[in-house]
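> Sharing a structure below in structure tokens format, with a few things to ask.
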Amino acid sequence: METHVTRVMVCGAGKIAEELLARMGEGFNVTLVDLSDQHLNAFFQKYECVSRVVNGDASSPVVLNDAGLSDQDFVLALTNRDAVNLAVAMFAKQEGVTHVMAVSFNPDSLPKFKEMGVKTLSLSTWPAKSIHHFLQDPRVDVTLIGHGQGEVLEVEAPSRGWALGKRLSVLSDEQWRAAGLFRNGELHFPSREVRVRSGDRIVFLGRQN
């Protein structure tokens, strides 16, 4: 039986790309685009999933087309410049690539990515939000979801207070929903039997901020 190979174009041979390539196995066929011959050669020799490297400006439609843009299942814009990543995303969408993802360093770029329907990782906004929550209460862990429109909040139940002994459904309101809790390494979903105990990690789903 023939194994399906996922074709991925990665634009930008930096640290993010390197961490990603280290996790990709034989089920991926990667075309890597970057201006640095040194990085391209190093990644080509180190990672078996990299089948082709293209030296050139990823914001150029000529370079991307020569690299086989329209043949890709996924296109990832991982350079350190938002302008380049926006160009990569735009050309990929124009060529009919369904799955496009980009990193962004400037929050002002996020609406432009969103308008194109590109999934975006904000490398400035999202860490800042997490740090801000940490400063407010170090017991709280926050993960952004839905392209940053929502949050999953995990908070430790105190030894005494409002939540103890209550069912998870009682802790929900119009802005937040109690989705479950972790106790002794196990995830428990809302039910009549599950009531909050001291030390539980309660998981809430809600809107950002």
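> What is segment 4-71's relative contact order, in percent, from Cα pairs under 8 angstrom and six or more apart in sequence?
Across segment 4-71, relative contact order equals 31 percent.
> How about segment 146-203: which GluC sites (Glu not before Pro) there lie in a loop by DSSP and see at most 14 other Cβ atoms within 10 Å?
Taking segment 146-203 and a limit of 14 other Cβ atoms within 10 Å, the loop GluC sites (Glu not before Pro) found are E174, E193.
> Excluding residues fewer than 8 places away in the same chain, name every one of the lysines whose C-alpha is closer than 16 Å to that of K112.
Partners found: K93.
> With every protein chain kept in place and ligands, DNA and RNA left out, what is the accessible area per residue of the chain? Probe 1.4 Å, answer in Å².
59
> Out of residues 5 or more away from L121 or on other chains, whose amide H comes under 5 Å of its own, with H placed 1.01 Å from N in the peptide plane?
Excluding prolines and chain starts, which carry no amide H, the hits are A102, V103, S104.
> Return the long-range amide H neighbours of H99 (sequence gap of 5 or more, or a different chain), with a cut-off of under 5 Å between placed amide H atoms.
V75
> For the chain, what does -39500 (n - 2.57) per DSSP helix run (n ≥ 4), summed and divided by total residues, give at 222 nm, in deg cm²/dmol to the nearest 500?
Computed ellipticity for the chain at 222 nm equals -7500 deg cm²/dmol.
> Further, regarding this structure: Hey, what's the Cα Rg ratio for segment 150-209 versus the globular rule of thumb, 2.2 N^0.38 Å?
Against the empirical 2.2 N^0.38 Å value, I get 1.03 for segment 150-209.
> A follow-up question, please. Filter the chymotrypsin sites (Phe, Trp or Tyr not before Pro) in segment 141-209 to those in DSSP coil with at most 12 other Cβ atoms within 10 Å of their Cβ, and list the result.
W162
> Compute the angle between helix 82-94 and the longest alpha-carbon principal axis of the chain, please, reported from 0 to 90 degrees and rounded to the nearest 10.
The angle comes out near 80 degrees.
> Also, I was wondering about something else. How many percent of the accessible area of segment 93-209 is carbon or sulfur, using a 1.4 Å probe?
53
> Take the Cα atoms of segment 1-81, build their convex hull, and give its volume per residue in Å³.
Roughly 83 Å³ of hull volume per residue.
> Once phi is turned into θ = phi - 60°, what whole-Hz ³J(HN,Hα) does the Karplus curve with 6.51, -1.76 and 1.60 give for every residue of segment 126-141, x standing for Gly and Pro?
Whole-Hz 3J(HN,Hα) from phi for segment 126-141: 5, x, 4, 4, 5, 5, 4, 5, 4, 5, 6, 6, x, 7, 9, 10.
> Among [x] 49, 23, 14; [y] 30, 21, 17; [z] 42, 19, 16, which is the computed semi-axes √(5λ) of the Cα gyration tensor in Å?
Of the listed options [x] 49, 23, 14; [y] 30, 21, 17; [z] 42, 19, 16, [z] comes from this structure.
> Search the structure for amide H atoms under 5 Å from the amide H of A179, placed 1.01 Å from N in the peptide plane, and list their residues when 5 or more places away or on another chain.
Under 5 Å from the amide H of A179 lie the amide H atoms of V203, F204, L205, each far enough along the sequence or on another chain.
> Next up: Quote the accessible area belonging to H99 in square angstrom, nearest 10, computed with a 1.4 Å probe and with ligands, DNA and RNA left uncounted.
90
> Restricting attention to segment 35-124, which chymotrypsin sites (Phe, Trp or Tyr not before Pro) occupy a DSSP loop and are surrounded by at most 16 other Cβ atoms within 10 Å?
F105
> I would also like to ask the following. Just to check I understand the Karplus step: with θ = phi - 60° and J = 6.51 cos²θ - 1.76 cosθ + 1.60, what whole-Hz values come out for segment 107-119, glycine and proline as x?
Those phi angles translate into x, 5, 7, 4, x, 5, 5, 4, 4, 7, x, 9, 5 Hz.
> Along the positive direction of the dipole of the chain (beta-carbon charges: Lys, Arg +1; Asp, Glu -1; about the Cα centre), which of L76, G206, A157 reaches farthest?
A157
> Compute the projected area of the convex hull of the Cα atoms of segment 53-151, averaged over all viewing directions, and report it in nm² to one decimal place.
Hull-based average projected area comes out at 7.0 nm².
> While we're on this one: Using only Cα atoms, tell me the angle between helix 37-46 and the longest principal axis of the chain; keep it within 0 to 90° and round to the nearest 10.
70
> Also, quick follow-up: Taking θ as phi - 60°, what are the ³J(HN,Hα) couplings along segment 63-72 by the Karplus curve (6.51, -1.76, 1.60), each to the nearest whole Hz, with x for Gly and Pro?
Calculated HN-Hα couplings, in order: 4, 5, 5, 5, 7, x, 3, 5, 8, 8 Hz.
The values are calculated or read from the model by the stated rules, or taken from the named source; none is laboratory data. It should be emphasised that the depicted structure is a prediction, and the values quoted were computed from it without experimental measurement. Because the Cβ atoms are built from the backbone with ideal geometry, glycine has one as well, and the counts that use them run over all protein chains shown. Just the protein is used for accessible areas: all its heavy atoms, side chains included, with ligands, DNA and RNA removed. Shrake-Rupley method; radii C 1.70, N 1.55, O 1.52, S 1.80 Å.
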